[in-house]
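First the structure, in the form of structure tokens, and then the observations on it.
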Amino acid sequence: MRFKQFRKTVAFYKLNFGFEEPYNVIADELFIETVAAKHIEALRLLPRIFSAKVRVCILTCVKDHLLKKHKGNREVISLVNALDHVPCEHENQKSSNKCLYSFLEDKDFDLQYCCAVQHTPLRSRIGKRIAGVPIVYISNVTVLMLEKASVASVNYINNKELRRNSVVPSSIKKKITSEGGEGERDPVTGLLLFASRQKGKRAKAPNPLSNKKKQPRKLPPPPKTAEEKKEKAKKRTRNRKRKREGTSAGAGGGEGSLQGNAKRLKTGE
């Protein structure tokens with residue numbers, strides 16, 4: 001999972017800033033001291049992090065500081081001599097952190113450089129202000145880690161796309177400038193490095209196939225009057241009285257016919 005995130009970060013810098021193999025990694029003073037003290041095989045592990053060939057470098061000021069500071073330490077001296085030397089072209093020797101920061105900030109070189117920085121304030125300063133610099137550091141459990149795309153790099157790409165696709169209104173530009181702060185400049189163009197704008201979510205249009213036409217609401221029928229109720233009740237009642245009268249009349253007629261027959265029989269006798 002960790003190396004999968006590393007590949008995504010390397011692909012981001014490769015696509016947006018044109019990094020190519022071999023990757024040039026400049027180490028700071030504290031990073032080299034930590035590698036030597038904890039016996040970390042950084043030269044072997046760095047190519048695994050970048051999934052490519054890596055060239056680990058050291059600046060002149062950083063090298064001089066380490067050789068003076070660790071005269072009797074063979075591990076540090078052998079590690080410093082194993083790294084590729086990159087001249088920083090400073091007339092007066094600077095501190096290792098200032099030398100590394102000014103070298104990355106100037107961008108007066110043709111190659112793209114990564115940095116291996118263990119000094120936390122320097123690492124956060126590079127990530128916030130200098131775009132296009134991947135940062136490697138050693139975690140608390142002595143594991144080499146590659147930071148995600150830095151804030152300055154993401155802001156640079158967002159503002160580059162913003163300038164390419166549309167003209168930024170002056171009101172938005174003032175707002176972005178106030179968020180980004182003064183002094184943070186684009187390392188390539190020299191313009192102020194604006195803070196990235198968060199894109200708001202647009203309301204999506206409803207699916208036309210799923211939309212149904214609204215049917216008119218049916219109104220309830222008006223309440224019936226008392227007369228209508230009576231008429232309806234009359235229609236429902238059955239007139240069973242007549243049927244009963246008819247049956248009784250039929251029965252009476254039958255008795256009368258029987259009596260007549262009996263009289264006729266008597267007269268015939």
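Summary of computed values
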quantity	calculated
Label-point separation, His90 to Gln5 (7 Å along Cα→Cβ), nm	3.2 nm
Sequence-distant residues sharing a close amide H with Cys114 (under 5 Å, placed H)	Asn24, Val25, Ile26
Sorted largest first, extent of the stretch 1-73 alpha carbons per principal axis (Å)	42, 25, 16
Computed magnitude of the charge dipole of the stretch 1-87 (debye, nearest 20; Cβ of K, R +1, Cβ of D, E -1)	340 debye
Karplus-derived HN-Hα couplings along the stretch 44-53 (A = 6.51, B = -1.76, C = 1.60, θ = phi - 60°), whole Hz, x at Gly and Pro	8, 8, 4, x, 6, 5, 8, 6, 6, 6
Label point distance in nm, Val141-Asn158, each placed 7 Å from Cα along Cα→Cβ	3.1 nm
Pairs from Lys69/Lys98; Lys69/Lys128; Lys4/Lys53; Lys38/Lys98; Lys63/Lys128 whose Cα-Cα separation, in the structure shown, is over 28 Å	Lys69/Lys128
Largest-first ordering by accessible area, 1.4 Å probe, given options Phe3, Phe12	Phe3, Phe12
At most 13 other Cβ within 10 Å, DSSP loop - trypsin sites (Lys or Arg not before Pro), the stretch 1-90	Lys53, Lys71
For the stretch 121-130, Karplus couplings with θ = phi - 60° (6.51, -1.76, 1.60), whole Hz, Gly/Pro x	x, 5, 5, 5, 5, 5, x, 8, 10, 10
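The values are calculated or read from the model by the stated rules, or taken from the named source; none is laboratory data. Only a predicted model underlies this, so the values are computations on that prediction, with no experimental measurement involved. All Cβ positions, even for glycine, are placed from backbone atoms using ideal geometry, and neighbour counts span all protein chains on display. When the accessible area is computed, the model is the full protein with side chains, heavy atoms only, and any ligands, DNA or RNA have been set aside. Shrake-Rupley method; radii C 1.70, N 1.55, O 1.52, S 1.80 Å.
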